[in-house]
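See below for the structure under consideration.
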Amino acid sequence: MTDIEKALISIIGRGEHNAVKQSEITRLTGLSDRDTRAIIERLRAGGMVICSSNAGRFFPESIEELDSYIKRIQASVRAECIALAPARRLLKEWQREGGYQNGRT
């Protein structure tokens, strides 16, 4: 684990009542918003559970917090899948017809 990852982890609170806003994380680390988000993604991909809510980012402190986070993410994923369905249908249509022609939708 890198020093910056350790620093970022030390900033994130335990429990939603200690959540830290993304803007505060970037301010405290001195990194860009993009870089802090990338580090959080890398930590999550490595197995660390970092929850987020309107309150900010936090480590879960209870079953209820973790369950709420999981449900929020699942709802978001479902919404994204619904939004993708028409785009996938259009892509298949264009592929069957030999591609997109300018001006045609």
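Here are the numbers for the structure shown:
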item	result
Anchor residue 6: lysines whose Cα lies under 20 Å away (excluding residues fewer than 8 positions away in-chain)	21
Inter-probe distance in nm under a simple model that places probes 7 Å from Cα toward Cβ, at residue 67 and residue 53	1.3 nm
Under 13 Å, Cβ to Cβ, from residue 50 - net charge with Lys/Arg +1 and Asp/Glu -1	0
Fraction in percent of alpha-carbon pairs per bin - 5 Å, the chain	2, 11, 16, 17, 13, 9, 7, 8, 8, 6, 2
Mean accessible surface per residue for the range 3-96, computed with a 1.4 Å probe while every protein chain stays in place, in Å²	67 Å²
Portion, in percent, of the accessible area of the chain that falls on carbon or sulfur, probe 1.4 Å	54 percent
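The values are calculated or read from the model by the stated rules, or taken from the named source; none is laboratory data. In this text the structure is predicted, and so the values were computed from the model without any measurement. Heads up, the Cβs are rebuilt from the backbone with ideal geometry, glycines too, and the neighbour counts pull from every protein chain shown. Heavy atoms of the whole protein, side chains included, go into the accessibility calculation; ligands, DNA and RNA do not. Shrake-Rupley method; radii C 1.70, N 1.55, O 1.52, S 1.80 Å.
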